[in-house]
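Below is one structure; the comments refer to it alone.
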Amino acid sequence: MENTKKRSFSAIQPSGTITLGNYLGAIRNWVNMQDDFECIFAIADLHTITVRQEPSALRKHSIELLAMLLAAGIDPEKSLLFCQSHVHQHAELAWVLNCYTQMGELSRMTQFKDKSAKHANNINAGLFTYPTLMAADILLYKADVVPVGEDQKQHLELSRDIAGRFNSTYSDTFVLPEPYIIKSGARVMSLQNPTSKMSKSDENVNGFIALTDDEDTIIRKFKRAVTDSETTVEYREGKYGINNLLNIYSAVTGKTVIEAAKEFSGKGYGDFKLAVGEAVAAHLKPIQERYKDYIGNKDYIVSVYTKSAGIASKIAESTLRKVYKKVGFLQK
Ligand code: TRP
């Protein structure tokens, strides 16, 4: 890795089905960042247990996510790719940062409010301190940028606040991370309810495309996509379903939404939906083929994350040592 490049850190939770939304909104952009940034990617398994997980499912989802990231084009020759739980410094720095974060700040996090409403029977302390662990993830590596979607912006803002507070209490220790807003990042909406984000937890499986869905399933789901009672394919305020399909089509074909809308002017919704389904299936095909190879080669996956974790923990340890020294712990 070259030192002249800015460093990027990002992580993704191994919480189950990986959707087209995860791919077009995040993963694909990570792949594209690898040439311009020194990229560090983690499987955020520590974060995932803030919601109760079945242990065997968590293991399965972690391996599947690693295989999918490799299939999508995360290149271990260029970037680090490891499990957060394998680099113990994440949990250790998170503890320290907890002591420099106010209850009030954490109470204002909208994700905490949403998740505690959703999991009312398990509002655990980890769910509350989730953002300080995220701050630790980022600050350990002195990341310059963090590619984030809308839903994680508030957490990144808090990471900056915590870093700034620590720096001014002691001396310059952490780099204040900037959000890296992805220009071409598509916000993919549910195919069944196009005003809400595509999510694997949609009760209706037709609402999301899993990256492992086969061609027939993909096409069938697009054919059933909810649109509107009009008949023309146009990109226009209020045409949520059609706009979403145009965004997806544009993201997988490289055409602009305007070009895409033109291509379908005079055609019916049926033809349009079929074309979007076919384009998505064609785009995912090579990724799915590589995924099959990776998932059948666990030894390779283990070798990637083991090597990366070794490198990551050296960087992380150097930051943690500085922090321990500054707060006043005796040196080992
Ligand atoms: N909380 C993020 C999410 O659910 C995942 C995450 C964990 C993360 N640590 C991070 C993202 C650090 C960016 C930087 O999407």
#### Entry: Hits in the range 303-323 (condition: of a type outside the set (A, V, I, L, M, F, W, C), touching a residue at least 12 places away in the same chain (Cβ under 8 Å) and within 23 Å of Ala163 (Cβ to Cβ))
Ser313, Glu317, Thr319, Lys322
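Assess whether Leu66 counts as being in contact (Cβ under 8 Å) with a residue 60 or more places away in the chain, among the aliphatic types (A, V, I, L, M), open to solvent by 10 Å² or more (accessible area, probe 1.4 Å) and in a helix (DSSP H, G or I).
When the stated conditions are applied, Leu66 does not pass them.
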### Query
Among the residues of the range 108-129, how many are closer than 26 Å to Thr173 by Cα and either in contact with a Lys or Arg (Cβ under 6 Å, 6 or more places away or on another chain) or part of a helix (DSSP H, G or I) (or both)?
3
### Message
Checking the condition within 17 Å of Tyr305 (Cα to Cα) and among the hydroxyl-bearing types (Ser, Thr, Tyr), which residue from Ser15, Ser10 passes?
### Response
Ser10
### Residues of the range 72-90 satisfying the condition of being under 18 Å from Thr306 (Cα atoms) and either more than 13 Å from the ligand (Cβ to nearest atom) or assigned to a loop (DSSP other than H, G, I, E, B) (or both)
Ile74, Asp75, Pro76, Glu77, Lys78, Ser79, Leu80, Leu81, His86, Val87, His88, Gln89
### Message
Could you go through the range 162-183 and let me know if any residue there is within 16 Å of the ligand (Cβ to nearest atom), part of a helix (DSSP H, G or I) and either without any contact (Cβ under 8 Å) to a residue 40 or more places away in the chain or farther than 20 Å from Leu93 by Cα (or both).
### Response
yes
### Query
Within the range 1-50, how many residues are away from the ligand (no atom under 12 Å from the Cβ) and assigned to a helix (DSSP H, G or I)?
8
### Query
Given Ile181, Ile209, Ile162, Ile219, which one is modelled with pLDDT under 95 and of a type in the set (A, V, I, L, M, F, W, C)?
Ile181
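Any residue in the range 130-144 that is part of a helix (DSSP H, G or I), within 13 Å of the ligand (Cβ to nearest atom), among the aliphatic types (A, V, I, L, M) and in contact with a strand residue (DSSP E or B) (Cβ under 6 Å, 6 or more places away or on another chain)?
Checking the range 130-144: at least one residue is part of a helix (DSSP H, G or I), within 13 Å of the ligand (Cβ to nearest atom), among the aliphatic types (A, V, I, L, M) and in contact with a strand residue (DSSP E or B) (Cβ under 6 Å, 6 or more places away or on another chain).
Yes/no matrix, rows are residues, columns are (1) surrounded by 15 or more Cβ atoms within 10 Å (Cβ to Cβ); (2) of a type in the set (S, T, N, Q); (3) out of contact with any strand residue (DSSP E or B) (no Cβ under 7 Å at 6 or more places or on another chain):
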position: Asp214; (1), (2), (3): no, no, yes
position: Thr231; (1), (2), (3): no, yes, yes
position: Tyr235; (1), (2), (3): yes, no, yes
position: Gly238; (1), (2), (3): no, no, yes
position: Phe264; (1), (2), (3): yes, no, yes
position: Asp271; (1), (2), (3): no, no, yes
position: Ala275; (1), (2), (3): yes, no, yes
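The values are calculated or read from the model by the stated rules, or taken from the named source; none is laboratory data. Just so you know, these numbers come straight off a predicted model, no measurement behind them. FYI the Cβ positions are ideal-geometry reconstructions off the backbone, even for glycines, and counts take in every protein chain you see. The protein model used for the area step is the full one, side chains on, heavy atoms only, and it has no ligands, DNA or RNA in it. Shrake-Rupley method; radii C 1.70, N 1.55, O 1.52, S 1.80 Å.
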